[in-house]
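The values are calculated or read from the model by the stated rules, or taken from the named source; none is laboratory data. These numbers were taken from a predicted model, which means no experiment stands behind them. Cβ placement follows ideal geometry from the backbone for every residue including glycine, while neighbour counts extend to all protein chains displayed. Areas reflect the complete protein model, heavy atoms only, side chains present, ligands, DNA and RNA absent. Shrake-Rupley method; radii C 1.70, N 1.55, O 1.52, S 1.80 Å.
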Amino acid sequence: MISCVELEQPGKWHLILSGVILALAFCPNLPLFWLLVSGTSSFVWENLGPGFASALSHSLVVCAASSAASVLIGLPAGALAGLYEFPGRRMFLWIIAIPLLVPSFLWAIGLSQLGVGLSGITGGTYAFTSLGLPLVLYVTFVSARRLTKSQTEGVRIVGGEWLVLRQAVRAVFPAAFLVGCLSGLLSLSDPGPGQILGFSDVASEILVSFSALYDFELAARQCLVLSAIVAFIALPLAILIVPGIAPRLLGKDIEPTPLTNNRTVRWLGPVFFGAIVTLTMGLPILGIILPMFSRFSWELAMSEITRTIGDTVFYAILAGLFATVLGWLLAIAVGRGRRLAQTAVIGLFLLLSLPPELGALGVIRWGTAAPAALDFFLRDRTVVGIISALRFLPIAAIIMIRGVGTTSPTSALAAAVHGIPITRYMWRVAGPQMIPFVTISTAIVALLSTASVSIALLLRPPGADTLPIAIFTVMANAPESLVATLCFFYIAGAALLLAAGCQLTRWSRFQ
Amino acid sequence: MTLGFELSKVTKRFDDFTALTEVSFSIIQSEHLAIIGPSGCGKSTLLRLLAGLDAPSDGVILLGGEIISEPGRVVTPPHRRQIGMVFQDLGLWPNLTAFENVLLGLSGKKMSRQGAKARALEALAVCKIEALAKRRPALASGGQQQRIALARAIAAEPSFLFFDEPFSGLDLLTKLKLLDELAELAEKKNLTMVLVTHDPIEAITLCRAAISIDKGRVVEAGCINDLLADPKSETLKVFRDHTVRLGT
Ligand SMILES: Nc1ncnc2c1ncn2[C@@H]1O[C@H](COP(=O)(O)OP(=O)(O)OP(=O)(O)O)[C@@H](O)[C@H]1O
Ligand SMILES: [Mg+2]
C-alpha cells in the first residue's frame, strides 16, 4: 500500500510522472518533428509555397500588433478591476470572457459585415486584440488580487494612490506580458480571421495546402517552420519569465487586498470597461447579427444546430474531462516542488504556444502510417477530443496545480499518521476539495476546445462537425442571414453558460 | 519506567542544509516531554522524524527497543507507532465535519463501523465539543479547531501524543484552560505527550522533562525545573530573566 506521506514527500516519482505526462501531451507533435529530423524534406523558401513568405510577414505583424494592444489596454483594465471597486465591476468581468469562448472567426465575420473598412491586417489586428485583451485582463486581474493587504496598504501610506497603481502594475507586468505574447503566438496558428478579412496568413496557408491542395508534405513543412518561429519566440519568454511566476501557483490562499473606493475610478472604471466591451465585443457582435434582422433563418439554423450539437458536446466534454484528469495527475506529480513547478510550467507554456495544426497533422500522419486496426481510434471522433485535450492540457494543469496549491500539506500527513489508505484519502478528502477546480477546468477546456476550430477541422471524421466548423464551412456558400443566425445562437449559448457560471459561483460562495 | 522512543545520533539533511545534527535523547513513557527552541531550529523536523513522516539521513530511532527508523528508511510507518499528532496548522480535513474528521481518522484501525462511530463521539465528548459534531472546521473558532484536532488525535487511543505548537494562535486564558484539560486527559488515558513549543510557559504547565534545541543541536536536556535553574540555551535564559523580572 502506498502511504499518503508520499504525496508530500520528495521522491523520484514526482519527476518521472510529470515527465511522462508532459511527454504524452507532446506526443502528437512527434511525427512532424520526425519529418524534420529524418531530413526527407528540405526547408528552403521555394519549398514552402509561393505565398508563404508574405503570409508569414502578415502573420507576424498581426501577432506583434495585437499582443501590444492587448497588453496596453488589458493591463491597466485588469489592474483597475483588481484593486478598485466601481459600478458594474463584476458584470464587466464576466461579460469580457465571451470573446474567449467563441471562435475567433466569428469576430472576424462581425467586423467584415460592419462595413466600416475594418479588413486586411488592421481588421486582423482588431479581431485578435479582442481575443488577447480579455486574456491579459484576466491574468492581470488575478495577479492583482494576489497582492496582499499589507503590500498595498504599506505602499498607500508611503506614496498614495498613484504609487499603489504603479507598484501594482509593476508587480503584475511579467504575467500580463507573458500572456500578451502568448495570445500573439496563438494568433499565428489561427486561420479564421485571415480567411475572412482577406489577408493571407500562415495558418490559412497551412490549411489550404492540406485541404485544398491535398499536399500533406507542404502543409507539414509550413507547419514546422511556423512552429520553429513560435518556439524561437516562446522559449526565451518561458525561460526568463515563467520561473518568477510559477511558484505563485503553489502559494496558499491569501487574504487579498480589499477593493478600494476611489472617486476617479468610480467613473473611470465603468467608462473604460464600457469602451472595452463596446469596441471588442459590441461592434463585432452587432456586425454578426446585423444580417439576421433582414431574415431570421430559424429553421435552417435549427437543422444545422441539431445536426452538430451531439458531436460538439461529445468533443467538448471528452476534451474537458480528459485534460482535467491529466492535469490533476500532473498537479499531484508536481506537488509543492518549486523547481518542478517552474520546469513543468515552462513545458506547459511551450506546449500551449505551439500551433495546434502541428499535433493534428501529426495524428493524420500516424493515421496513414498505422495499420488499419488502429483506425477505430486514429480516425474516429474520440481522437478529436483526445487531441484537443492534450492541446489544452496546459490550461487544465495550471488550474489544477493552483488547486492542489491551495490545500494544506499537513492534510495528507495527518492521513498518514492515521493510516488511511491513499485511495480512501483521495476519495474522501483530496478529491472533494478539488471539485471546484475540476469543474472550472473541465468547463474552460470544453469551451476553449469547441471555440478553436483547427484541430476538429483537420481531424473530424466525415460528417462529424462541430457547430463552429459548420459555420466555418457553410460561410462561403450559405446566405448571410443563416450564418448570422448560427453565430447568434453560438454567442447566446456562450453567454448563457457564463451567466450560469456566474450564478453558480455566487451560490457556492454562500455555502 | 518504560522505554518509549530513543534517538541515537539522528541527523537530518535537506540537500545541502543540515536541519538536525546528531540529536540523541529518549522519551520515557508517562513523562511528558517539551521540545523547546527558537523558530527554525528544527523542532518540526524532529517531530516528523519521530512520527515517521520522514526518515533520518543518519542515526536510528527506536521504539520500545526496536528500530523504527534508520538512515534513509522509515521502517515502521506512522500509523504503527502508537502515536497521535496535532500539527502546527492542525491539518484538519476542511471538507469534513468535526465528527467525520474524527471518524475518518479511525478508518486506518480495524474496528466495526458502529464501534468507530461510538469511539468518535466519545472522543468529541472528552474534548468537550459534542455540540460541534456537525460543523466544518472553518466554521469553528480557533480554540474549537484545536479541540477537533485533539479529538481526532486521541480517538484511536495512542500511547504518545505529539503536538507541534498548536496553541500558538490562542489567547493566554484559552491556552491555559486547554493545557489543564490536556494534563487531566493524559492522566486518564495514560498518554505520554511530546510538546514542541517556543513558549516555555506551555512547557512548564504541561511537562516535567524538556530538551532545548538550537540550530539543529540539543543544547540541554533534563528536568525542566533544573534546566530553568541553570539555563544554557538562549531561549531558556531569556525566559528565566523574564520570570525573575516579573517576580515569579
Ligand atoms: N523540506 C525541507 N526542505 C528544505 N529545508 C527544510 C525542509 N523542512 C525544513 N527545512 C529547514 O529546516 C529548518 C528547520 O525547520 P523546522 O520546520 O523544523 O523549524 P521549526 O523549529 O519547526 O520552526 P518553527 O518554530 O518556525 O515552526 C528550517 O531552516 C527550514 O527552512
Ligand atoms: Mg515548526
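Can you tell me which residue is nearest to B:Arg240 (Cα to Cα) among those in segment B:189-205 that are within 16 Å of ligand 2 (Cβ to nearest atom) and part of a loop (DSSP other than H, G, I, E, B)?
B:Asp199
Okay, residues lined up against (1) surrounded by fewer than 20 Cβ atoms within 10 Å (Cβ to Cβ); (2) aromatic (Phe, Trp, Tyr); (3) in contact with a Lys or Arg (Cβ under 7 Å, 6 or more places away or on another chain):
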position	(1), (2), (3)
A:Ala316	no, no, no
A:Thr324	no, no, no
A:Leu329	yes, no, no
A:Ala333	no, no, no
A:Arg338	yes, no, no
A:Leu354	no, no, no
A:Phe376	yes, yes, no
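Hand me the list of helices (runs of 4 or more DSSP H) wholly inside segment B:86-188 holding 3 or more residues that are away from every other protein chain (no Cβ under 11 Å) and hydrophobic (A, V, I, L, M, F, W, C).
B:113-126, B:142-155
Which ones in segment A:15-29 are farther than 15 Å from A:Ala397 by Cα and either touching a helix residue (DSSP H, G or I) at 6+ places or on another chain (Cβ under 7 Å) or outside the structural domain of A:Ala396 (by TED's automatic domain parsing) (or both)?
A:Leu15, A:Pro28, A:Asn29 - these are the residues of segment A:15-29 that are farther than 15 Å from A:Ala397 by Cα and either touching a helix residue (DSSP H, G or I) at 6+ places or on another chain (Cβ under 7 Å) or outside the structural domain of A:Ala396 (by TED's automatic domain parsing) (or both).
Need the failing condition index for B:Pro166 against (1) surrounded by fewer than 17 Cβ atoms within 10 Å (Cβ to Cβ); (2) within 19 Å of A:Ala416 (Cα to Cα), just the number.
Failed condition: (1).
For segment B:34-72, enumerate the residues that are more than 16 Å from ligand 2 (Cβ to nearest atom) and under 14 Å from the mean Cα position of the chain (by Cα).
If the condition is that a residue be more than 16 Å from ligand 2 (Cβ to nearest atom) and under 14 Å from the mean Cα position of the chain (by Cα), then B:Gly52 is the only one that fits.
When both residues are 6+ apart or on different chains and their Cβ atoms are under 9 Å apart, which pairs have a first residue that lies in segment A:411-432 and is within 7 Å of another protein chain (Cβ to nearest Cβ), and a second that is acidic (Asp, Glu) and surrounded by fewer than 24 Cβ atoms within 10 Å (Cβ to Cβ)?
Close Cβ pairs (under 9 Å, with a partner that is acidic (Asp, Glu) and surrounded by fewer than 24 Cβ atoms within 10 Å (Cβ to Cβ)) amount to A:Ser411/A:Glu8; A:Leu413/A:Glu8; A:Ala416/A:Glu6; A:Ala416/A:Glu8; A:Arg428/B:Glu100.
State all residues of segment A:253-263 that are open to solvent by 70 Å² or more (accessible area, probe 1.4 Å) and either under 18 Å from A:Leu163 (Cα atoms) or of a type in the set (A, V, I, L, M) (or both); if no residue qualifies, say none. Show your work before the answer.
Taking segment A:253-263 as the starting set, the residues that turn out to be open to solvent by 70 Å² or more (accessible area, probe 1.4 Å) are A:253, A:255, A:261, A:263.
Selection gives A:Asn261, A:Arg263.
Say whether the condition of being buried (at least 17 other Cβ atoms within 10 Å of the Cβ) and farther than 21 Å from A:Cys223 by Cα is met by at least one residue in segment A:55-66.
Yes - at least one qualifying residue is present in segment A:55-66.
For A:Gly82, are the conditions met, namely being closer than 20 Å to A:Pro270 by Cα and open to solvent by less than 20 Å² (accessible area, probe 1.4 Å)?
Judged against the criteria, A:Gly82 is a match.
Return a yes/no flag: does segment B:14-29 have any residue that is assigned to a loop (DSSP other than H, G, I, E, B), away from ligand 2 (no atom under 16 Å from the Cβ) and within 18 Å of B:Leu195 (Cβ to Cβ).
Yes: one or more hits.
Scan segment B:55-77 residue by residue and report those that are on the phi < 0 side of the Ramachandran plot, part of a loop (DSSP other than H, G, I, E, B) and within 16 Å of ligand 1 (Cβ to nearest atom).
Passing the criteria: B:Ala55, B:Pro56, B:Ser57.
To keep it simple, each residue is scored yes or no on (1) within 13 Å of ligand 1 (Cβ to nearest atom); (2) under 24 Å from B:Gln82 (Cβ atoms); (3) touching a residue at least 40 places away in the same chain (Cβ under 8 Å).
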| position | (1), (2), (3) |
| --- | --- |
| B:Phe5 | no, yes, yes |
| B:Lys9 | no, yes, yes |
| B:Phe14 | yes, no, no |
| B:Thr21 | yes, no, yes |
| B:Ile27 | no, yes, yes |
| B:Glu31 | no, yes, yes |
| B:Leu50 | yes, yes, yes |
| B:Leu53 | yes, yes, no |
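Check every one of the helices (runs of 4 or more DSSP H) wholly within segment A:219-324 and list those with 2 or more residues that are free of Cβ contacts under 8 Å to residues at least 12 places away in the same chain.
Passing ranges, in order: A:263-277.
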